[in-house]
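First the structure, in the form of structure tokens, and then the observations on it.
The values are calculated or read from the model by the stated rules, or taken from the named source; none is laboratory data. Because the structure is predicted, anything quoted here is derived from the model rather than measured. Don't worry about glycine lacking a Cβ; one is built from the backbone with ideal geometry, like all the others, and counts go over all protein chains shown.
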Amino acid sequence: MITYLHLPIMAIAFFILLATWRFWSCINRMGFVKEVSRRAPWMLQGDVIASILALMPFMLASVDWADVTLPQQSRPAASYVTVFLSLGCLLGCMFILRQSGERFAGHWAGTRESALRTIAALRIIDAAELTYALDVARQHQARPVSGRVIEVEAREERQ
């Protein structure tokens, strides 16, 4: 009876894997995988780790149902242990993906939109960081004293 608890855990893990695959498939179709992985490496790495954790309930259920004896064990793993480990892997996966609920949608149209939103947000963040860096560099620049520079500074102050 306890082995039936694998089914809802595996169903949740399946939908998490499906949503993750859809998101990265949309990013790949648009040709922005390298850009997203370069600008936000934590996003790709987190999704890979979460996907591995979401695959673990399938492996643990197959170990439980097939009564596989793991190395250096005298008997197969107890069903309670495998269900507990499956639930722990699923909770770990959900913990990693806790901040990415907007990225994952239940349908293709929403997934495409979230992929576009992700790319646009990363580009906006990069543009804002570049603007800030240019402003800081301009403020810390050594200003020569001459009539022309003072005139330019006076015009900037009037605006």
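Numbers for the structure displayed
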| item | result |
| --- | --- |
| Residue within the range 37-48 that is crowded, with 16+ Cβ neighbours inside 10 Å, touching an Asp or Glu at 6+ places or on another chain (Cβ under 8 Å) and in contact (Cβ under 8 Å) with a residue 24 or more places away in the chain present | yes |
| Residue pairs meeting the criteria (Cβ under 8 Å; at least 6 apart or on separate chains; first closer than 17 Å to F14 by Cα and surrounded by 11 or more Cβ atoms within 10 Å (Cβ to Cβ), in the range 95-108; second modelled with pLDDT of 85 or more and aromatic (F, W, Y)) | R103/F23; F104/F23 |
| Out of S51, S25, sole residue that is closer than 17 Å to G88 by Cα and assigned to a helix (DSSP H, G or I) | S51 |
| Long-range neighbours under 6 Å by Cβ, at least six apart or interchain, first residue under 13 Å from Y4 (Cβ atoms) within the range 64-89, second modelled with pLDDT under 90 and polar (S, T, N, Q) | D64/T3; D64/S79; S79/T3 |
| Residues located in the range 69-80, provided they are under 22 Å from P8 (Cβ atoms) and loosely packed, with under 12 Cβ neighbours inside 10 Å | A78 |
| Residues within the range 54-68 that are acidic (D, E) and assigned to a helix (DSSP H, G or I), tallied | 1 |
